[in-house]
Amino acid sequence: MELIERVREIGVEEATVTDDSVRTARFALTREVARSARPERTRRRQRAWAGAGIGGLVAGAAVTALVAGWVLAPAEAPSAAAAEVFEQAALSVRPVGPLLEAGQYLRTDVTTDYLVTNADNGVPRDPSADAGFVERVITVYYVPADRADDWLVDDRAPREIVEMIGSGAEDFLESVRAGGETRSGRIEALPAGIQGGAPLDRFRDQYDSLPRDPEELRAWAKEEGQGSEVKPLMDLVWLDLPPADLRAAAYRALALVPGFTVTDSRDGLITLERSEEIGAGETLVSTLVVDVASGQMRSYSSSIQRNTGPGIAPDGVPDMRMTFTSEVVDSAP
């Protein structure tokens, strides 16, 4: 049985590691990440061999998420096809079952690929960039059967460069590496999953009180996200730790959000894309991959497109891509 299926069974009635980038990436599911996390990452690139690492779950089977070209703002009405995908995912979220056995962990691997370029304005795809690379960061999370116990964050995997872009890529990479490494390179224990004073499962204290009606949950998400409801709703889905009925409601609330379209379907994995204007001449393109049979989100990627041109990044290379896999294990490192 896969991790996400079992994580649903872990005491749901209970309500990347001094690396700030891990936490930044965990909340990378909205335009806040595109507008603030990426510029911050660019400002830091000369100081440290860094780059926001995903705080979540990526590894294993790579799912393609193509993001390219200039796109328009989302339509005013939700896509019927996208709404059906979210509904099927909601129906697949299983009810709460037996707890994990004592000593077992829900292991979640998150693989994150980041596009890093020398654009001065912090937008990786800006035409001003003439060199860059794609780096890969893997973080592994272990959620214990008793969530009050220590959660483990394995940050030991070294960064990997998976693609060099532009004739000056080698020099640019060396300039970034010269600043040093910011990953902890160790396993950190987080009592009850608390990191930096906040839980990894962000809304755990509100699980019981949050509405299960999709319209009401969307209204809450709009207020929580200061007008952008996608981020809070994705936070209720991606880690799969909230109660099953709340995750199902979050999927149904996403079905009400305008702008999602279905762009691919293969082997039970459905790819949805959404674009929204986030500033003058800028559009944020987000891509989700959902496994409708299990109700799991398998991948997320985002890119900022600018109407000044395509930039140096090849087609098919997003600003950021996260891929998630999970399983139940009998021990943790």
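Quick note: the coordinates plus some simple rules give every number you see, no bench work behind them. Predicted model, so just to flag it, every value in this text is computed and none were measured. Methodologically, a virtual Cβ is constructed for each residue, glycine included, from the backbone with ideal geometry; neighbour enumeration extends over all protein chains shown.
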**OP:** Could you work out how far apart the two model spin labels at Glu170 and Ser128 are, taking each label as a point 7 Å from the Cα in the direction of the beta carbon, and quote it in nm?
**Re:** 2.7
Original post:
Which part of the range 100-126 falls in the paramagnetic zone of Val162, meaning amide N under 15 Å from the point 7 Å along Cα-to-beta-carbon?
Top reply: 109-116
Subject >> Restricting the range 151-230 to trypsin sites (Lys or Arg not before Pro) in coil, as DSSP defines it, with at most 15 other Cβ within 10 Å >> reply: Arg156, Arg186, Arg212
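Report the gain in length on full extension from Ile278 to Arg177: 0.36 nm times residue separation, minus Cα-Cα distance, nm rounded to one decimal. Don't jump to the answer; show the numbers that get you there.
Numbers: separation 101, 0.36 × 101 = 36.36 nm, distance 3.10 nm.
The span from Ile278 to Arg177 would gain 33.3 nm if fully extended.
Between Asn121 and Arg212, what's the calculated FRET efficiency when r is the beta-carbon distance and R0 is 45 Å? Round to 0.05.
Details: r = 42 Å, r/R0 = 0.94.
Approximately 0.60, to the nearest 0.05.
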Original post:
Of the GluC sites (Glu not before Pro) in the range 239-297, which ones lie in a loop per DSSP and count no more than 13 other C-beta atoms within 10 Å?
Top reply: none
**OP:** Go ahead and collect, in residue order, the members of the range 145-168 whose backbone nitrogen is under 16 Å from a label point 7 Å along the Cα-Cβ direction of Ala189.
**Re:** 145-155
Original post:
Among 296-302, 100-106, what's the highest-first ranking by average C-beta atoms within 10 angstrom per residue?
Top reply: 296-302, 100-106
